[in-house]
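Taking it in order: structure first as C-alpha cells, then the write-up.
No lab work stands behind these numbers, since they all come straight from the coordinates. Just so we're clear, the structure is a prediction, and the values are computed from it rather than from any experiment. Here the Cβ is made from the backbone with ideal geometry for all residues, glycine too, and neighbour counts use every protein chain on show.
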Amino acid sequence: MKVVDFRSDTVTEPTQEMREAMSRAEVGDDVYGDDPTVNKLQEMAAAITGKEAAIFVPTGTMGNQASIMAQTRPGDEIIVGAKSHVYINEGGAPARFSGVSCALVNNPGDKITPEDIHGLVRASGNPHYPRTSMVCLENALGNGDVVSVDEMKALYRAAKEHYLRVHLDGARLFNAATALGVDAKDITDNTDTVSFCLSKGLCAPAGSMICGPKDFVAEALRCRKALGGGMRQAGVLAACGIISLETMTKRLGEDHANARLLGELLAAIPGVTVPFEQIRINMVFWRISAANFDNKAFAAAMLQKGFKIVAPNAGSFRMITHNGVTRADVVAFVEAFKEYLQKM
C-alpha cells in the first residue's frame, strides 16, 4: 500500500537524478577543503543568496547555531521569536553552545517588527545588562506565513540602527521566495548571514548551507568543526544539494498549490476551520470542532488508509505538502477524512 506522508517536507526522498548523481560524484576531503562537489555547491549557494561565501553543514540546526556562535560572545543576548525554530526546536543550543540568552518576541502571527527591535535592545554601557548583539529572523515562518521584502528591509534598517547582526533562519527560504514571487537574493539582501535547508522540500537526503561574508564563513567553519560538522567525502551529499538548487527550487509552486487545495477541501467539511491567511507556502493548519473527536484515533485510522499525519495533543493539525504528495493524494485524503466522520 502506498503511504502518503503529510507530517513534514523533511520526509522527501532523493530523486532518481539525485541517486545517480551521488553514484558518480567526484569527492575529496571536505575538512581539507578539497571536495570539488562540495566546493561547487558552496559557490552556488553564495551566488544564489548574494553572499561572499558559503559552507555546507549537516543540518539546519547546525547552520543556525554555527551562525550564532560565530557572531556573538558568551553573555550576549539575541532577539528571537518566541515560537522560532532557533528558540523552541534546537535543544536550547544558543545557551548551551554560544552562552547567549534570548530576548523573546511573542506577537500574534509570530512576526518580529522594527518596534520590537527598538524596544528590546539593551542600553549600551550598563553593566547590569547583557549586550544585545544579534537579531534572528525566520522566513518562511514556522506557521506557514512569509515576511515580505519590504518588511525584511525595515527590520534590517532597525537592526543596523543599533549595530546588530541579522541572521536569517531560511530553512524554507525558497518557499518564501516562491510565495512572494521574488528571487531568494531579494530576501537575503536584507540579512548579514543566512542558513537554508536542502532537505526540507528540496529532496536532498541531508544538509544545509550557511552563507555570508568571507570572514564570517571562516569563523563559522571553526564553529562547524567544534560542533562536529566536518563530513570528509561530503560530495556524495553535496551532489544532491546541487540538484536541489538547480531543479527542486523551481517546482515549489506545485506544493503551494496543493496546500491551497487541501485547505479549500478541508474548509468545506462541517466543523473544520482553516486559517487561509496562513497558507502562503506548503503548510496547512486546521482544527475540528466535532464532538468526541479523538486526534490520535483519527491519525491511526488515517494511517490504516495510507496517510501519515501528526496528531496534536491539542490545537491545530499541521499538514505539509511536498514532492511526495500529488494533487490526487490531497483529494484522496479529504475523501478518507469524510468517510471517517460519517462513521463516527
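The Cα atoms of segment 296-344 define a convex hull whose projected area, averaged across directions, is 3.6 nm². As a proxy for reagent exposure, ranking 156, 340 by other Cβ atoms within 10 Å from fewest up yields 340, 156. All Cα-Cα distances of segment 174-263, cut into 10 Å bins from zero to the largest, leave 15, 39, 34, 10, 2 percent in each bin in turn. Comparing mean-square fluctuations of 36, 270, 74 from a GNM of the chain with C-alpha springs under 10 Å, the top value falls on 270. Compactness ratio for segment 10-118: Cα radius of gyration over 2.2 N^0.38 Å (N = residue count) comes to 1.36. When the chain is treated as a GNM with alpha-carbon contacts under 10 Å, the residue of 57, 194, 236 showing the greatest mean-square fluctuation is 236. Residue-wise HN-Hα couplings along segment 120-132, as the Karplus relation 6.51 cos²θ - 1.76 cosθ + 1.60 with θ = phi - 60° gives them from phi, are 9, 5, 6, 4, 6, x, 8, x, 6, 9, x, 8, 6 Hz; Gly and Pro carry x.
Note that the chain, at 20 °C in a medium of 1.002 mPa s, gets a Stokes-Einstein diffusion coefficient of 102 µm²/s from its Kirkwood radius over C-alpha pairs.
Here the 3J(HN,Hα) profile of segment 292-305, calculated from phi with Karplus coefficients 6.51, -1.76 and 1.60 at θ = phi - 60°, is 6, 7, 9, 4, 6, 5, 5, 4, 5, 5, 5, 4, 5, 8 Hz, Gly and Pro shown as x.
For residue 102, the amide hydrogen comes within under 5 Å of the amide hydrogens of 78, counting only partners 5 or more places away or on other chains and with H modelled in the peptide plane. Amide H to amide H, with H built 1.01 Å from N, residue 81 comes under 5 Å of 105, counting only residues 5 or more places away or on other chains.
Here the 3J(HN,Hα) profile of segment 241-256, calculated from phi with Karplus coefficients 6.51, -1.76 and 1.60 at θ = phi - 60°, is x, 4, 5, 4, 6, 6, 10, 6, 5, 8, 10, 5, x, 5, 5, 5 Hz, Gly and Pro shown as x. Close amide H partners of residue 5, meaning residues 5 or more places away or on another chain with modelled amide H under 5 Å apart, are 308. Could you state the angle between the C-alpha long axis of helix 327-343 and the longest principal axis of the C-alpha atoms of the chain, as a value from 0 to 90 degrees rounded to the nearest 10? The angle comes out at about 50 degrees.
Under Stokes-Einstein, with the Kirkwood radius over Cα pairs as Rh, the value for segment 235-288 at 20 °C and 1.002 mPa s is 168 µm²/s. Give me the log10 of I(q) over I(0) for segment 47-177 at q = 0.09, 0.10, 0.15, 0.23 Å⁻¹, as the Debye formula computes it from C-alpha points; what are the numbers? Log10 of I(q)/I(0), two decimals: -0.24, -0.30, -0.69, -1.67.
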